[in-house]
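Participant: Below you will find the structure I want to go over with you.
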Amino acid sequence: MDIQLKKGLLDLMVLASIKYEDSYGYKIVQDISQILDISESTLYPILKRLEKQKLVNTYNTTYNSRIRKYYQINKNGLEKLKQSIDDFDEINRMYMYIKR
Amino acid sequence: MNRKTFLNELRKELKFYKKINTEEIIYYYDEMIQDAVDEGQDESLFIKNLGSIDSIIANIIKDEDFIKDVKTSNKNSLTNIIGGTVKVISWIGYYFSLFVLTIVYASIFLSGLGLIFQAGVYFIVDEVTTMDQWVLIGMILMGIGIAMIGYALLANIYKTNNSIRLFIIRKTKQIYRKKGERNNE
């Protein structure tokens, strides 16, 4: 698959993985791995990017007497996901046209 | 490799990339490993599956946003020039070492073949005694061994060329940093 396309989709996958509940690095990898192969080192730049684009908020909590960083989707992130669904509808129409 | 060793090595390597937020990455992997262990995964196996430290760094570097960040944050034109020089020298160093290694490995491979060929020629052209025959067979076997070593090295060089590139870039930066420190003194 085209790298740029895949990169965009991976960003959306990560956003979708925290759509309903806040999550942390390890759990995000585990959740997404059920659908596609994602490595821990691939996730890091994605999280960093989402954070920089202000699509997610982060906070630290203590777990087992150590700090764990949680990622929380914010209004912009949810808006982005919603937008992507509209985009997919458009892509789907294009796909059907190409495929016919 | 255990968690502490892995994080130490990662920190040591990340030190060479000024623009990377080392501590943030260390926290990320530290948390990741501890979470994996808490979930019942084997620590050293998990770390092994994370891939080599070079590939981890390559993943961070190849991220476009990171590169864009570096470009925009390099407001100091002097840094830009030195950065450019380091890059050019690194690339020259990279291709040069790749070239030298290829030649060295290719010559090992060819000398192995040469040995086989020479022994073969003796066999055919000369009237050899039984004793000589054993020597020639030994030569052929040695030739096969040497040729195989050369071939393996050659095949390996392209598999590891990413690590070679990172290594050269790191070393060039190191030399430049030392030079800069000396100039500052």
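Quick note: the coordinates plus some simple rules give every number you see, no bench work behind them. All values derive from a computational prediction rather than experimental measurement. With ideal geometry, Cβ positions are generated from the backbone for all residues, glycine too; neighbour counts draw on all protein chains shown.
Participant: Taking the criterion of being within 14 Å of chain B (Cβ to nearest Cβ) and within 11 Å of the chain's Cα centre (by Cα), would at least one residue in the range A:66-87 satisfy it?
Facilitator: Yes, the conditions are met somewhere in the range A:66-87.
Participant: Specify the residue that is farthest from the other protein chains (Cβ to nearest Cβ); the eligible residues are those in the range A:32-53 that are among the charged types (D, E, K, R) and within 24 Å of A:Q83 (Cα to Cα).
Facilitator: My answer is A:E51.
Participant: Right, next: Could you please let me know if A:S23 is under 26 Å from B:G51 (Cβ atoms) and within 14 Å of chain B (Cβ to nearest Cβ)?
Facilitator: Yes, satisfied.
Participant: May I ask you to list pairs of residues, at least six apart or on different chains, whose Cβ atoms are under 7 Å apart, with the first in the range B:4-16 being in contact (Cβ under 8 Å) with a residue 60 or more places away in the chain and the second being surrounded by 15 or more Cβ atoms within 10 Å (Cβ to Cβ) and outside any loop (DSSP other than H, G, I, E, B)?
Facilitator: Once the first residue is in contact (Cβ under 8 Å) with a residue 60 or more places away in the chain and sits in the range B:4-16, its partners that are surrounded by 15 or more Cβ atoms within 10 Å (Cβ to Cβ) and outside any loop (DSSP other than H, G, I, E, B) give B:E13/B:I53; B:E13/B:I57; B:F16/B:R170; B:F16/B:K173.
Participant: Another question, if that's okay. Restricting attention to the range B:33-55, report how many residues are outside any loop (DSSP other than H, G, I, E, B) and either without any contact (Cβ under 8 Å) to a residue 40 or more places away in the chain or out of contact with any Asp or Glu (no Cβ under 7 Å at 6 or more places or on another chain) (or both).
Facilitator: 15
Participant: For the range B:94-134, give me the residue count where each residue is surrounded by 13 or more Cβ atoms within 10 Å (Cβ to Cβ), of a type in the set (A, V, I, L, M, F, W, C) and over 29 Å from B:N156 (Cα atoms).
Facilitator: Of the residues in the range B:94-134, 2 are surrounded by 13 or more Cβ atoms within 10 Å (Cβ to Cβ), of a type in the set (A, V, I, L, M, F, W, C) and over 29 Å from B:N156 (Cα atoms).
Participant: If A:K27 satisfies every condition in (1) surrounded by fewer than 19 Cβ atoms within 10 Å (Cβ to Cβ); (2) closer than 18 Å to A:I3 by Cβ; (3) not β-branched (V, I, T) but one, which is the exception?
Facilitator: It fails just one condition, (2).
Participant: Tell me the residue from A:V29, A:V56 that is closer than 30 Å to B:I57 by Cβ and more than 14 Å from every other protein chain (Cβ to nearest Cβ), please.
Facilitator: Sole residue among the options that is closer than 30 Å to B:I57 by Cβ and more than 14 Å from every other protein chain (Cβ to nearest Cβ): A:V56.
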